[in-house]
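A.B. asks: Just dropping this structure here.
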Amino acid sequence: MNGTWMWVVLGVLIAIVIGFLLMSAILDRKKHKKLKIENDRFKKIANEARGQVAILVNVLISKNEIKLKEFVPSVGKLKMSDINNLARDEFSKLEMTEGYKTIKNDETAKEFLEHYTSISKEKSNNWAKKNKADIEYFRKFEDGLEKEEYKIYTKNLKSRLTRKYK
């Protein structure tokens, strides 16, 4: 009888160990799947935010070029500092958004952030001279986007900036 109990206890212990291993494997697989889904969601949000930033930069560049062409020293409506501050204010607002913070935390966005930082730190009246590569980068980046996804965002942004740049 002692030998039988020993085999039963040993069988129960082996069943518990196998059950524990199976449960940990299943839970590990679920955890890995959740992590993958979360990473995919983060990448999607970061890509969408990069698209919005690229559109904002391009719209700012075009509005700024128009204002610089209209600028008349001493007799114009705007001072050069006003033109520079319009762009700087937009960049400051953008840097407070969640989308920008997401881009900042994204490891794959280093080149994008370098171009953004370069253009945002420069006075907007010097962009055409000092930031040609950055301007070209953002134009190419926007050309690579699917326009339909960003159509409403672009329309709202252009109307808001048109009112601001008057």
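A.B. asks: Would you kindly calculate the translational diffusion coefficient of segment 38-164, applying Stokes-Einstein with the Kirkwood radius from alpha carbon pairs, for 25 °C and a viscosity of 0.890 mPa s, and quote it in µm² s⁻¹ without decimals? Could the numbers behind the result be given before it?
C.D. replies: Details: Rh = 15.3 Å.
The Stokes-Einstein estimate is 160 µm²/s.
A.B. asks: Would you mind computing, in nm to one decimal, how far apart the modelled labels at Glu70 and Ile18 are, each placed 7 Å from Cα along Cα→Cβ?
C.D. replies: Distance between label points: 8.0 nm.
A.B. asks: Okay, next question. Could you state the angle between the C-alpha long axis of helix 132-143 and the longest principal axis of the C-alpha atoms of the chain, as a value from 0 to 90 degrees rounded to the nearest 10?
C.D. replies: 60
A.B. asks: Moving on to the next point. So how far, in whole Å, is the C-alpha centre of segment 15-63 from the one of segment 75-142?
C.D. replies: Here the answer is 28 Å between Cα centres.
A.B. asks: Once every DSSP H run of n ≥ 4 in the chain is given -39500 (n - 2.57) and the sum is divided by its residues, what mean residue ellipticity at 222 nm do you get, rounded to the nearest 500 deg cm²/dmol? Walk me through the intermediate numbers first.
C.D. replies: Values: 7 runs with 135 residues, N = 166.
Roughly -28000 deg cm²/dmol at 222 nm, from the helical runs in the chain.
Taken together, the values in this text are just the output of simple stated rules run on the coordinates, not laboratory data. Keep in mind the model is a prediction, meaning the values are calculated, not measured. We place every Cβ from the backbone using ideal geometry, glycine too, and count neighbours over all the protein chains shown.
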